[in-house]
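Undergrad: Shown below is the structure under consideration.
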Amino acid sequence: MAQRKPRLAVFKFTSCDGCQLSLLDCEDELLAVAERVEIAHFLEASSRVLPGPYDIGLVEGSISTPAQVEEIRRVREACRLLVTIGACATAGGIQALRNAADVAEYQRLIYPAPEQIRALERSTPVADHVAVDFELRGCPIDKGQLMELLSALLNRRCPRLARHAVCVECKARGAVCLAVAGGGPCMGPVTQAGCGALCPAHGRPCYGCFGPKENANVDALVHWWRHVQGVERAQIAAQLQNFNAAAAAFEDAARRLEGEK
């Protein structure tokens, strides 16, 4: 009797679909994955939906409505392993910029019938609501890291994912260090690797797409920007309040920056 293939499910919450598209962009690699797993739920790619339970669940998007709080709990119950993919699912996403604003006032200004909107005051990562087994960072995620993670889970080994700073990737590519050369406020020293230093390799400062690295000393970097490079406070705030605005290390540093005179 043939052994049942592990079931893979992909779910979307509040997001732009970019991380799901990264999975579809794997093309040849995705065909190899499809040979090893049964894709049971992936509405971005197919209307075919099989009921749970699922062996691996990939979740894109932040939790932004009361209905999504209930839905993510159902997803968690249906998945043996739950993996959050992308900045929205792991840190609230760029929509978490609303966390520091008056959401009710925004709704009043934008919608003709704001009383019909059902939104939470904060956009939060999935891990704020349910237990998460693995996180895959990025805006969007790196398809190489995604394939490594799926391969590791299917072969019951620990995934080999980068935990160092983007600066290491810059050195590997031979890119000029913008933090030293004065190329603008670069988030590379405090951002987790994974993108291959894409922006610095093209002369643009890192925007922190992969979120804070472990033990990120964001305050020290902010001090360097302000007192050595002479970067204006507004520009620094714009760097911190970006794709991972609600990630604790970035959010706390932005709050302290706002409190300074």
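Undergrad: Read phi for every residue in the range 193-205 and hand back ³J(HN,Hα) as whole Hz from Karplus 6.51 cos²θ - 1.76 cosθ + 1.60, θ = phi - 60°, with x for Gly and Pro.
TA: Each residue of the range 193-205 in turn: 5, x, 8, x, 6, 4, 5, x, 5, 10, x, 10, x Hz.
Undergrad: Between R137, R122, R157, which gets the highest mean-square fluctuation from a Gaussian network model of the chain, Cα cutoff 10 Å?
TA: The residue that fluctuates most here is R157.
Undergrad: While we're on this one: What does the extension gain come out to for A181 and E214, with contour length at 0.36 nm per residue minus their alpha carbon separation?
TA: 9.4 nm
Undergrad: Assigning unit charges at the beta carbon (Lys, Arg +1; Asp, Glu -1) and nothing else, what dipole magnitude in debye, to the nearest 20, does the chain show about its Cα centre?
TA: Working: 29 positive and 30 negative charges, 92 e Å.
The calculation lands at about 440 debye.
Undergrad: So how strong a dipole does the range 166-259 carry about its Cα centre when Lys and Arg Cβ are +1 and Asp and Glu Cβ are -1, to the nearest 20 debye? Mind showing how you got there, number by number?
TA: Working: 8 positive and 7 negative charges, 44 e Å.
For this selection, approximately 220 debye.
Undergrad: Nearest 5 is fine: what % of DSSP beta bridges in the range 7-154 come out antiparallel, could you say? Can you show the working numbers first?
TA: Details: 4 of 22 bridges.
Of the beta bridges lying entirely in the range 7-154, close to 20 percent run antiparallel.
Undergrad: Could you grab the relative contact order for the range 59-100? Cα pairs under 8 Å, six or more apart, rounded to a whole percent.
TA: 54
Undergrad: Cα axis of helix 66-78 to longest principal axis of the chain: angle in degrees, 0 to 90, nearest 10?
TA: Between helix and principal axis, roughly 50 degrees.
Undergrad: Report, by chain and number, residues whose modeled amide H sits under 5 Å from the one on F11, excluding near sequence neighbours (fewer than 5 apart, same chain).
TA: Excluding prolines and chain starts, which carry no amide H, the hits are L58, V59, E60.
Undergrad: Quick one: what are the phi-derived ³J(HN,Hα) couplings along the range 93-105, Karplus 6.51/-1.76/1.60 with θ = phi - 60°, whole Hz, x for glycine and proline?
TA: x, 5, 5, 6, 4, 6, 4, 9, 10, 8, 4, 4, 5
Undergrad: Amide H to amide H, which residues 5 or more places from I63 or on other chains are under 5 Å from it, using H placed in the peptide plane?
TA: It is T124, V126, by chain and number.
Undergrad: Separate question: Using unit Cβ charges (K, R positive; D, E negative) and no other charged atoms, how large, in debye to the nearest 20, is the dipole of the range 94-221 about its Cα centre? Mind dumping the intermediate values first?
TA: Numbers: 14 positive and 12 negative charges, 105 e Å.
Once rounded to the nearest 20, the dipole reads 500 debye.
Undergrad: If you take every DSSP beta bridge whose two residues both sit in the chain, what share of them, in percent to the nearest 5, is antiparallel? Display every interim value, and only then the final one.
TA: Numbers: 6 of 24 bridges.
Of all bridge pairs located within the chain, approximately 25 percent are antiparallel.
Undergrad: Per residue of the range 251-260, what does 6.51 cos²θ - 1.76 cosθ + 1.60 with θ = phi - 60° give for ³J(HN,Hα)? Whole Hz please, x for Gly and Pro, Karplus curve as stated.
TA: Per residue, the Karplus-derived 3J(HN,Hα) values read 5, 5, 5, 5, 5, 5, 5, 5, x, 7 Hz.
Undergrad: Another one. How far, in nm, would the chain grow between A172 and E115 when pulled straight, counting 0.36 nm per residue and subtracting the alpha carbon separation?
TA: This chain segment gains 15.2 nm when fully extended.
FYI, it's all coordinate maths here, none of it is from the lab. Quick caveat, the model's predicted, so the values are computed rather than measured. Here the Cβ is made from the backbone with ideal geometry for all residues, glycine too, and neighbour counts use every protein chain on show.
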